[in-house]
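See below for the structure under consideration.
The values are calculated or read from the model by the stated rules, or taken from the named source; none is laboratory data. In this text the structure is predicted, and so the values were computed from the model without any measurement. Using ideal geometry, Cβ is built from the backbone for each residue, glycine included, and neighbour counts are taken over all protein chains shown.
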């Protein structure tokens with residue numbers, strides 16, 4: 001993150017990275033190329049994707065989901 005950003009700009013950048021709720025997470029996963037019938041709750045329970053829980057809501061970071069997708073699709077040598 002840019003060290004020249006002020007507190008409010010940093011908070012806005014972090015808030016823009018956060019996905020709250022299964023629907024928001026599913027929409028982003030579909031954007032990344034996963035099938036539309038992906039069960040977000042199963043993916044969280046199994047630990048296959050970096051999805052957390054905050055109270056009753058599922059939460060995920062776009063940055064962490066991107067990093068995870070890159071990691072699992074990277075060619076192995």
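Applying the criterion of being part of a loop (DSSP other than H, G, I, E, B), surrounded by 10 or more Cβ atoms within 10 Å (Cβ to Cβ) and out of contact with any helix residue (DSSP H, G or I) (no Cβ under 6 Å at 6 or more places or on another chain) to the residues of segment 24-77, the residue that is modelled with the highest pLDDT is 39. Per the conditions (1) modelled with pLDDT under 95; (2) exposed (fewer than 11 other Cβ atoms within 10 Å of the Cβ); (3) more than 12 Å from the chain's Cα centre (by Cα); (4) not in a loop (DSSP other than H, G, I, E, B), the sole criterion not satisfied by residue 10 is (2).
The residues of segment 31-43 that are touching a strand residue (DSSP E or B) at 6+ places or on another chain (Cβ under 8 Å) and within 15 Å of residue 62 (Cα to Cα) amount to a single one, 40. A search for C-beta distances below 6 Å between a residue of segment 33-54 that is without any contact (Cβ under 8 Å) to a residue 24 or more places away in the chain and at negative phi and any residue that is in a loop (DSSP other than H, G, I, E, B) and surrounded by 10 or more Cβ atoms within 10 Å (Cβ to Cβ), counting only pairs 6+ apart in sequence or on different chains, returns 43/49.
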